[in-house]
Structures are given as structure tokens and as C-alpha cells.
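A.B. asks: One structure follows; several queries about it will come next.
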């Protein structure tokens, strides 16, 4: 295990070390002090443990690597990630997993507003609650919420799936509750097992997705545009 | 029978023929007009400025003999590998999806022949355009369609698109007709649906956030490539100042004549300000920050010829960018397709339904048969010719003003034909020392 300490190294030093490291390396990052843009653009299978909370865009555009934050994360956690796994033990701020194409994000605490905005294939699991406008314009992937969802959930959603165990304050435009089929129960099980989450009751989840009524412009829908 | 007095039929300026037809169209269809291109209004523009050639008080350089530099470096503020361009004219961002693969390839070929850059668009980077563009700027757009870190690292520069001159405050629009399998796959959306890109980035909101976003992009790319920030021409003084303060290497300001693939007509014609009015406030913002020439300024929106290039540079820009003009060079709205345009209910020179995917010139289409009409090699050659002509025209003017570098042109070399253009450009009305507003 390699220790990278913010008390001794700059952000550039730490990111460069991570980006240029050998495959299967294991790093522990100490004293992050809420630093922004930490562990971004990693392009290989390595393991990174961050001891403490981080700022904006931690693990941004991640590919292949497993990143665990033992603390909380600021806005844009794992934005546009392509693959790999991100695990935050605390809470996360706005836009977690924004436009993520693949991989998995597990948040043990709560996620703020716009969680999973424009997501394009990533799986996001939030053990707590999510804020308003989560899964806004979500295109593909899955947002799994163990707690409650704020207002306008799934507004203008495309082909992503949302699973909610708690209460939904309100649904956004073109987002509707859909039948939880066997296939979707199975999908949910895979998503959670991939993230090593086993303490759940599948019967408590409801599924939400697109009514697909806004896919092509129709003047009769003008009031909801 | 009493004879009626005879007067000429009088049409209304308020309800002119176009306005009336638009009212009838709205009543019939129930949808606003969507079209491509930029503003078609008669706006104050660079034609309203004239150069004051040298005579006794200034002396000129010899045409075709004395050198006049056209090279420009973009993005050397923070990046280790700035763009080194042979000419100060770049190709603006236009997406694969809005344009055919052939058109994107032609743009890359043409730009590369003359040593300038081309730019991706909404939907990501295609192999064709990376392969044929020696210097490629990769756009980071609010939709993040096709955005991935591998392409980001292949780019020679990154352009964060905050706004576009044709639609400040608005998002992109690519209607279902043009969403074929390849376009749909690149954008991770179902085939055939309307793709209305967001107007805001999904993971930041204001200038303080943008500064951190720029930091992230630099950390991902190792501080190697320049970061551009593109803003629409609406409040250029403030937007350019904030972009520079946020850490941009280059700021692009796109006036309302700048084109779009598809947007509401009411948006194109009523939101934003003319390119002419953008330049001086943008330059002033950089000057007041001590960053003029350190943060390069690119101006776009309705640039057509070498005179426009020279005027933009004289007002303080470092380079210009062209989109619509480049498409015309490739063959857009060419009279040889007049019969085809007539079948679409329009004419060569007026065609702007780029969103419908039926472009007879094979440029703004995903129809395979139509796209084949455009030969990318020939198109690239035509674009290169056009870029060379623009550059030579600008050099001709610069030499006549006694300048051995296009960027040595200055506002003092200009005067204005109208009070409005004098005020916007901050140069004297012709024959006077009067600059309105100063």
C-alpha cells in the first residue's frame, strides 16, 4: 500500500501518481482536507482509499478503479464516470454521478439535489435520502434510493430506472411509477449485489421511469414543457 | 357612376409578408418555427466599419513583398501544449449528428491543410474528425453526449461551452429525423426521439464552480492542453471577465449571427447581441484584468471574409472562428441545387431547415444518399481555398495599414459609417473624432 499525504504532496503530485501508477496498485490518501478534483481521470484498475472528506468532483471521469471515501464528498462526485466503483461512507453533495456512463456509486449517507442528473448508464445506490430533481434527464442506468426522494424525481427522464424504498415527494414531468416486474427485481438484485449491498428487502422498492410522452414534440403537451 | 380614387395597394411594415406567413404557419401547425443558421436580421455588423489606410501620417507595407504574420498561439496561459495556428481563423464547433460524417471530415481536412483547428460539437468526437483534424478542440457541453475521458485526452484543446450566440441561455436541439443508429448510440438515447440538450451544465452553476471544473479538466489532462470557455454574446464584459477569472486560457465570444443546427426562430432573432457589439466589451474586460493577449479572445458569429477577420482583430480579438461560412464553402445553399431546394419549398441562399435532415448539399443530414453528394476531399480543398483567401484579404488590409502582423491592427485603424456602429465598436464616426458614448 502506498500512502499519499496532502500534508506533504500537492494535488498535482497525488493525481499524477494515481494516473501513472501500475495496475492493481493500492493507495491510501491522507489529510485530503476537502480537496477538489482528487483522484480524477484514473484510467486503470487500482484501489484508492481516501481517509477523510473531499471537495468537488472526486473520482471524476473514473475508469476501472475502485475508490472509497471514508467521509463525505462535495458536488459532482464521480461525474461522467465510465466504469469502476466509488463508495462514500458519508453524505454527498449535489450532482453525484452526473452524466455517468457506467460503473457503480454507493453512498451510505444522503445525496443532495440532482443526484444522477443526465446519467447515461451508471448505477447509483443511495442508502439515505436524495434531494430534489434527482435523475433529471436521466438517460440510462439505475438510481436506487433506500430512503426518500425529494420533489420532481426523474423529471424529463429517458430510459433510466429509478427504484425507491421510501417516500417520493413528487414526480417530475413525464416520470411515472411502473410495474416492478420479475426482470426488474432481478436487475435490482444484481445492482445491489455488485455493490456488495445485501441488507435490503426487495418488496419495499417501487420502480419509476419514463412515460415517453415527451420523446417527440407534440403541441398538445405544451402545458408541461 | 362615381369613379373611385386610385391609390397604390399599401402593405404594412408591421405586418409584412414574412410576418403574415409566420402567423399563418403558427396557426396551421401549432408549433414555433425551428431552423438552423444564425440571425437573418439586418444587424449592425463589420460592414459598418472601414479601415483608414496609410498615407502620409502612416506608411504602408509593400503588398506581396513585405511579410505580414498570420500565426497565432492559443492557450499558453496555463497549458504546456498550446495550439499553434498558422492563421487566426478557426473552425467552430459543429456536431456529428447535426452534420454528416462527410462534412465533419471535410472540415477537418480543410482546416488541417491550412494549419488551423476544428472543433467537435454535441455528441462527442468521431474517429473521422480526429483522424482528419491535426488540431482538434473537444467541446464539453451541458448534455455531455458522447463525453468520455479517452477522447478528452486525445484532444488538442478543450472548449467548455457555456453558451452559443444563436441561443444565449438555450440548449441544443436535434430533432428525431436526424437520430439514426450511430447518432443515437453516441448520445446514449433511443433512435428517432427529439434530443433537446440542456442549457446548463449538470455539475456546476456559477463562475466559482466553473473554476473548479477547469481545475478538474486540467488535472485529468495533466495541464497539457488549453482550456477554452465559449460564451454567447449577451453580456460580454462580465462573461469574459468571469471566464478569465475562472482560469480559462482562451475565451470564445459568439455573437447572435453565429449559427446553430436547430433552434427556435424567435430565439435566434431576439436573444443576444450582434457580434460587432461583443468585441470591445470583451477586450476591455481582459485589459482591465491585465490579461489581454495573455488570455486569447476568439470572436465568432457572421465572419465572412478577410475584412471581417481584420476588423475583429483590429478591435482586439486574437482570432476568429467560422461555422456557417465554412459550410457555405463546402456547398451549403449552392445554386447548383436550386431545383432540390425548390422541392423543399425554399431557394438556394434561403435554405435553413437543417434540422429536417434533407439537405441537398449533403452537409446537414444523416441521409446516406444525400451525404454522399459531398466529397470530403473536394470539400476540404474548397474550405482550404476559402481560408487562404480570407487570410490573404486580411493581410492585404493589414499591410495597407502598415502592420506586419495581423494582430498589430488596432482600433485606431478603423472608423465607422454609422453612429450605432461607432458606439458599438468604440471607433470614431468617419470623418470625425467623435466616438459616441465616450
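FYI, it's all coordinate maths here, none of it is from the lab. Small disclaimer: the values here were computed from a predicted structure and weren't measured. For neighbour counting, all protein chains shown are included, and Cβ atoms are generated from backbone atoms with ideal geometry for every residue, glycine included.
A.B. asks: Compute the length gained on full extension between residue B:412 and residue B:185: take 0.36 nm times their separation in residues and subtract their Cα-Cα distance, giving the result in nm to one decimal.
C.D. replies: 76.5 nm
A.B. asks: What are the extents of the Cα atoms of segment A:143-225 along their three principal axes, in Å, largest first?
C.D. replies: Principal extents (Cα only, largest first): 46, 24, 19 Å.
A.B. asks: For chain B, what is the calculated [θ] at 222 nm in deg cm²/dmol (nearest 500), taking -39500 (n - 2.57) for each run of four or more DSSP H residues and dividing by its residue count?
C.D. replies: Calculated at 222 nm, the ellipticity per residue is -10000 deg cm²/dmol.
A.B. asks: Quick check: from the Cα gyration tensor, does segment A:41-150 come out rounded (a/c under 1.5), prolate or oblate?
C.D. replies: oblate
A.B. asks: Hey, fewest Cβ within 10 Å first, where do B:201, A:132, B:132 land in order?
C.D. replies: Fewest-to-most Cβ neighbours within 10 Å comes out as A:132, B:132, B:201.
A.B. asks: By counting other Cβ atoms within 10 Å of each Cβ, how are B:32, B:341 ranked from fewest to most?
C.D. replies: So the residues, fewest neighbours to most, are B:32, B:341.
A.B. asks: Can you compute the helix-only [θ] at 222 nm over chain A? Use -39500 (n - 2.57) per DSSP H run of at least 4 residues, normalise by all residues, nearest 500 deg cm²/dmol.
C.D. replies: About -3000 deg cm²/dmol.
A.B. asks: Could you check the simple spin-label distance between residue B:69 and residue A:193, using points 7 Å along Cα→Cβ, in nm with one decimal?
C.D. replies: About 6.6 nm, to one decimal.
A.B. asks: To the nearest 0.05, what FRET efficiency results for residue B:237 and residue A:177 with a Förster distance of 56 Å applied to their C-beta separation?
C.D. replies: 0.70
A.B. asks: GNM on chain A, C-alpha springs below 10 Å: top fluctuator among A:94, A:19, A:139?
C.D. replies: A:19
A.B. asks: If I take all pairs of Cα atoms in segment B:119-235, what percentage of them are more than 20 Å from each other?
C.D. replies: 44 percent
A.B. asks: Could you list, bin by bin from short to long, the percent of Cα-Cα pairs of segment B:365-421 in 10 Å steps?
C.D. replies: In whole percents, the pair-distance histogram is 19, 27, 23, 17, 15, 0.
A.B. asks: For a label point 7 Å from the Cα of residue B:344 along Cα→C-beta, name the residues of segment B:14-35 whose backbone N is under 17 Å from it.
C.D. replies: Taking a point 7 Å out along Cα→Cβ of residue B:344, the residues of segment B:14-35 whose backbone N falls under 17 Å are B:33-35.
A.B. asks: Now for a separate question. Taking each pair of different alpha-carbon atoms in segment B:1-150 once, compute 1/r for the pair, average those values, and report the inverse of that mean as the Kirkwood hydrodynamic radius in Å to one decimal.
C.D. replies: For segment B:1-150, the Kirkwood estimate is 21.0 Å.
A.B. asks: How big is the antiparallel share of DSSP beta bridges in the protein assembly as shown, given as a percent to the nearest 5?
C.D. replies: Once the DSSP bridges in the protein assembly as shown are tallied, antiparallel ones form about 20 percent.
A.B. asks: Give the residues of segment A:73-116 whose amide nitrogen is closer than 17 Å to a point set 7 Å from the Cα of residue A:170 in the direction of its Cβ.
C.D. replies: Taking a point 7 Å out along Cα→Cβ of residue A:170, the residues of segment A:73-116 whose backbone N falls under 17 Å are A:113-114.
A.B. asks: Helix A:182-194 against the longest principal axis of chain A: what's the angle in degrees, Cα atoms only, rounded to the nearest 10?
C.D. replies: 10 degrees
A.B. asks: Evaluate the Debye formula for segment B:144-193 with equal point scatterers sitting on the alpha carbons, no solvent, and hand back log10 of I(q)/I(0) at q = 0.12, 0.27 Å⁻¹, in q order, two decimals.
C.D. replies: Reported log10 I(q)/I(0), two decimals: -0.37, -1.01.
A.B. asks: Percent of Cα-Cα pairs per 5 Å bin, from 0 to the last occupied bin, for segment A:1-57, please list those.
C.D. replies: Bin by bin from 0 Å, the calculated values are 5, 20, 35, 28, 11, 1.
A.B. asks: Suppose the Debye formula is applied to equal point scatterers at every Cα of segment B:23-84; what is log10 I(q)/I(0) at q = 0.23, 0.25 Å⁻¹?
C.D. replies: So the normalised log intensities work out to -1.01, -1.04.
A.B. asks: Taking just the alpha carbons, could you work out the radius of gyration and Dmax for the protein assembly as shown, both in angstroms?
C.D. replies: 26.7, 110
A.B. asks: I'd like to know how chain B sits against the 2.2 N^0.38 Å rule of thumb: what's its Cα Rg over that expected value?
C.D. replies: The reported ratio for this selection is 1.00.
A.B. asks: Once both labels are modelled 7 Å past Cα along the beta-carbon direction, what's the residue B:24-residue B:153 spacing in nm?
C.D. replies: Placing both labels 7 Å beyond Cα along the Cβ direction yields 5.9 nm.
A.B. asks: Ranked by Cβ crowding within 10 angstrom, fewest neighbours first, how are B:182, B:382, B:24 ordered?
C.D. replies: Ranking B:182, B:382, B:24 by Cβ neighbours within 10 Å, fewest first, gives B:24, B:182, B:382.
A.B. asks: With a ≥ b ≥ c taken as the square roots of the eigenvalues of the C-alpha gyration tensor of segment B:203-305, please select rounded if a/c is under 1.5 and otherwise prolate if a/b is larger than b/c or oblate if it is not?
C.D. replies: The shape class here is prolate.
A.B. asks: In addition: Given 37 °C and 0.692 mPa s, how large is the Stokes-Einstein diffusion coefficient of segment A:13-103 in µm²/s, with Rh as the Kirkwood radius over Cα pairs?
C.D. replies: My calculation gives 267 µm²/s for D.
A.B. asks: Let me ask something else. Considering only B:236, B:202, B:82, give the residue with the highest GNM mean-square fluctuation for chain B, with springs between Cα atoms whenever their separation is below 10 Å.
C.D. replies: B:202
A.B. asks: Report, in cubic angstrom per residue, the convex hull volume of the C-alpha atoms of segment A:2-224.
C.D. replies: 109 Å³
A.B. asks: Another question, if that's okay. What FRET efficiency, computed as 1/(1 + (r/R0)^6) with R0 = 51 Å and r the Cβ-Cβ distance, is obtained for residue A:206 and residue B:78, rounded to the nearest 0.05?
C.D. replies: 0.60
A.B. asks: Still on this structure: Note down the nm distance, to one decimal, between modelled labels 7 Å out along Cα→Cβ at residue B:6 and at residue B:47.
C.D. replies: 3.6 nm
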